[in-house]
Amino acid sequence: MALQWRAVCPACGHRVPRSGILSETARCAGCSASLRQNPGWNRVFYALFTVVAIAGGLTTLFVVRQADNTALTIGCVIAFLLLLLPASAWAWPYCTKYDPAPVAKSDAPAAAEESRTP
Ligand SMILES: [Zn+2]
């Protein structure tokens, strides 16, 4: 099964970069459309992330406790956490979809003001 980059603009298909993980909303670099992460897909990603984090964390703790070495245990937990963050950033665009963002009423005048500015 090939991995499919799902974090794309629904209007033009432009890919949302991995930095999109940091914010629920984004602006398409291809067509400037306002985008919002699909809440359903977001829940799937965070559920997967949580399962992997708990399973990996418990496995790490179980394995290193056999060594009975506190420094090794702490080091392995930190190493696991340091691996988990880039792994989640890597997996994110394959598990997230975007919807067009609804135009908020409070944003409309600001957006109009922005477009008038040269
Ligand atoms: Zn677009």
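Screening the candidates A7, A47, A29 for the property of being within 16 Å of the ligand (Cβ to nearest atom), free of Cβ contacts under 8 Å to residues at least 24 places away in the same chain and either within 19 Å of the chain's Cα centre (by Cα) or within 19 Å of P86 (Cβ to Cβ) (or both) yields one hit, A29.
Answer yes or no as to whether W41 is surrounded by 11 or more Cβ atoms within 10 Å (Cβ to Cβ), assigned to a helix (DSSP H, G or I) and touching a residue at least 60 places away in the same chain (Cβ under 8 Å).
no
Only one of the listed residues (F62, F49) is more than 29 Å from C9 (Cα to Cα), aromatic (F, W, Y) and assigned to a helix (DSSP H, G or I). That residue is F62. Among the numbered conditions (1) more than 16 Å from the ligand (Cβ to nearest atom); (2) part of a loop (DSSP other than H, G, I, E, B), the only one that L72 does not meet is (2).
Quick check, is A111 modelled with pLDDT of 90 or more, surrounded by 11 or more Cβ atoms within 10 Å (Cβ to Cβ) and either part of a helix (DSSP H, G or I) or of a type in the set (A, V, I, L, M) (or both)?
Criteria not met by A111.
Kindly indicate whether any position in region 58-69 is at pLDDT 85 or above and either among the hydrophobic types (A, V, I, L, M, F, W, C) or within 16 Å of the ligand (Cβ to nearest atom) (or both). Looking for residues that are at pLDDT 85 or above and either among the hydrophobic types (A, V, I, L, M, F, W, C) or within 16 Å of the ligand (Cβ to nearest atom) (or both), one finds at least one in region 58-69, hence yes.
The values are calculated or read from the model by the stated rules, or taken from the named source; none is laboratory data. Predicted model, so just to flag it, every value in this text is computed and none were measured. Glycine gets a Cβ as well: all are built from the backbone with ideal geometry, and neighbour counts include every protein chain shown.
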